[in-house]
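Colleague: Okay, here's the structure, questions in a sec.
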Amino acid sequence: MTRALRKTTHEGQLQGSQPWLHQHGEEIQAFGTVRQFPLGLGHDARLYSCQRLNQILADSQILHALYKKHHWLMRGPTFYQLHLLLDKHAEEQDKLIDEVAERIQTLGGVAVGDPRHVAEITRVPRAPDGCEEVPAMLSRLLEAHELILIDAHDAAKRTAELGDDGTNDMIVSEVIRTNELEAWFLVEHLVDTPLVRA
Ligand SMILES: [Fe+2]
């Protein structure tokens with residue numbers, strides 16, 4: 001140990017650049033609560049928005065994980081195309097997740113982050129641990145999109161009614177539009193159309 005690390009203050013604390021390791025503390029804000037922020041929005045409106053956004057956040061985190069799973073497990077003649085497409089959608093969902101989480105923080109709430117907590121909240125059905133057939137994987141993703149979209153449409157309407165225009169705007173312009181576009185790119189892969197002869 002260097003001389004700098006051995007030096008201590010009269011309270012016994014290390015001086016110099018030694019980090020304070022293995023620190024533990026109290027939870028300082030409970031999940032499901034909002035702090036008072038000066039945003040011109042009442043407590044109840046912000047609390048409601050955070051609840052709706054945390055549901056969207058949990059479902060979107062599962063959708064992101066499903067995109068990565070199916071990106072890895074993809075197979076068949078369209079492997080390369082779908083492998084790349086699903087990863088692109090995973091990246092877009094990852095961006096969306098960050099925006100939703102930071103909207104919750106902006107409103108004074110606590111965003112769901114730990115995947116084990118996410119699993120408790122999400123309503124997206126669990127996929128089998130193994131690999132499904134390609135159309136089943138695509139259908140599973142589409143159904144997750146629709147579940148999120150139905151919830152997002154309702155959340156957008158209700159948050160607007162409560163005066164939370166920022167949350168309404170983000171849900172409409174980011175959550176709904178991203179999910180709709182990704183659903184389109186998926187659904188066209190489920191059209192049984194001939195490739196060579198009509
Ligand atoms: Fe990859």
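Colleague: Relative to the longest principal axis of the C-alpha atoms of the chain, give the angle of the C-alpha long axis of helix 43-73, reported between 0 and 90° and rounded to the nearest 10°.
Modeller: 60 degrees
Colleague: So how tilted is helix 134-161 from the main axis of the chain? Cα-based, degrees 0 to 90, rounded to 10.
Modeller: 60 degrees
Colleague: Between beta-carbons, use under 10 Å as the cut-off and find the net charge around residue 67, counting Lys and Arg +1, Asp and Glu -1.
Modeller: Computed value for this residue: -2.
Colleague: Net charge near residue 134, counting Lys/Arg +1 and Asp/Glu -1 over other residues with Cβ under 12 Å of its Cβ?
Modeller: Around residue 134, the surrounding residues sum to 0.
Colleague: Points 7 angstrom from Cα along the Cβ direction at residue 177 and residue 120: gap in nanometres?
Modeller: For the pair residue 177/residue 120, the computed spacing is 3.5 nm.
Colleague: For the chain, set up a Gaussian network in which alpha carbons nearer than 10 Å are linked by springs, and say which option among 135, 19, 38 fluctuates the most.
Modeller: 19
Colleague: By how many degrees, between 0 and 90 and to the nearest 10, does the Cα long axis of helix 177-187 differ from the longest principal axis of the chain?
Modeller: 40 degrees
Bear in mind these aren't lab numbers, they're just calculated from the coordinates by the rules spelled out. These figures come from a predicted structure and were not determined experimentally. Don't worry about glycine lacking a Cβ; one is built from the backbone with ideal geometry, like all the others, and counts go over all protein chains shown.
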